[in-house]
Amino acid sequence: MTKGTKDSPVTFEGKWKYQSYRPDHVSLGTEETVPTFVRWSPTGVVNINEGGTKGQLEFPGAPIKLDLKCKVVAGTPTKVFITAVMKLPGGKQFTNELAGVFVPAKLGQDISAVNPLVVRGTIVQTSDDIAPANKQPKFTTGYFVLEPTK
C-alpha cells in the first residue's frame with residue numbers, strides 16, 4: 001500500500017525531504033543533564049521507487065548516499081520501516097534502522113494539498129558513525145521527519 005487510494009491517502013513513492021535529530025545532553029551545572037535535540041544530519045533528499053520498496057537517501061554537498069529498503073504496513077496509522085545502508089571501504093557498512101508513521105503535517109487538521117501526510121519516527125544508528133566531526137556512538141537513537149516535495 002504505497003500508492004494513495006480512495007481508502008488510504010498514503011503514497012510513499014516519490015521525492016521526500018529528510019531531516020534527523022539526536023539528543024545532546026546539556027549540563028545543569030551539576031551532575032544532572034537535560035536532553036535537548038540537535039540536527040543529526042544535514043537536510044537530505046530521499047527518492048523512493050515506484051513500488052515504494054527501495055530508494056536512496058542523499059545529502060547534497062556530502063559524499064553520503066544510503067541505499068534504502070522500505071516496507072509500508074497498512075493500518076491506523078500506516079507505518080513504514082526503513083533500513084539504510086552505505087558500503088564503506090574495507091567491506092564495512094554504515095547502517096541505520098528507521099521506523100515511522102504517516103501523520104498529517106499539521107496534527108488535528110484534515111489531510112489536504114496544504115496539509116500532506118509526513119512520516120515521523122525514530123532512527124537508530126546500528127553501526128559506527130562515519131561523520132568526520134562529532135561522531136556518535138553505535139546505537140545512538142534520535143528521530144527523523146520525511147516531508148513530501150513537489
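Throughout, read-outs are computed from the coordinates displayed, never taken from laboratory work. Keep in mind that what you see is a predicted model, and the values were worked out from it rather than measured. As a convention, Cβ positions derive from the backbone with ideal geometry for all residues, glycine included, and neighbour counts pool all protein chains shown.
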The local net charge around I82, scoring Lys/Arg +1 and Asp/Glu -1 for residues other than I82 whose Cβ lies under 9 Å from its Cβ, equals +1
Note on segment 5-150: contact order normalised by length, alpha-carbon pairs under 8 Å, 6 or more apart, percent, works out to 21
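Net charge near T122: determine it from the other residues with C-beta under 12 Å of the C-beta of T122, scoring Lys and Arg +1 and Asp and Glu -1.
With Lys, Arg at +1 and Asp, Glu at -1, the neighbours total +2.
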Quick calc, segment 78-150, dipole around Cα centre from Cβ unit charges on Lys, Arg (+) and Asp, Glu (-), nearest 20 debye, gives 100
If the chain between A105 and T83 were fully extended at 0.36 nm per residue, the gain over the current Cα-Cα distance would be 5.6 nm
Heads up, segment 21-87 by the C-alpha gyration tensor (a ≥ b ≥ c square roots of eigenvalues; a/c under 1.5 rounded, else a/b over b/c prolate, else oblate) looks oblate
Any residue on another chain or 5+ positions along whose placed amide H is under 5 Å from the amide H of T78 is listed here as F102
Expressed to two decimals, segment 86-150 has a Cα Rg over Rh, using the Kirkwood radius, of 1.14
Residues meeting the amide H criterion for K54 (H placed from the backbone, H to H distance under 5 Å, 5 or more places apart or on another chain) are N49, C70
Stretched fully, the stretch from F139 through T95 gains (0.36 nm per residue minus C-alpha distance, one decimal, in nm) 14.8 nm
Expressed in µm² per second, the diffusion coefficient of the chain from the Stokes-Einstein equation, with Rh the Kirkwood radius over alpha carbon pairs, at 37 °C and 0.692 mPa s, is 199
With +1 on the Cβ of every Lys and Arg and -1 on the Cβ of every Asp and Glu, the dipole magnitude of the chain about its Cα centre, in debye rounded to the nearest 20, is 420
With the charge dipole of the chain built from beta-carbon charges (+1 for Lys and Arg, -1 for Asp and Glu) about the Cα centre, the Cα from F94, V119, V10 projecting farthest to the positive end belongs to V10
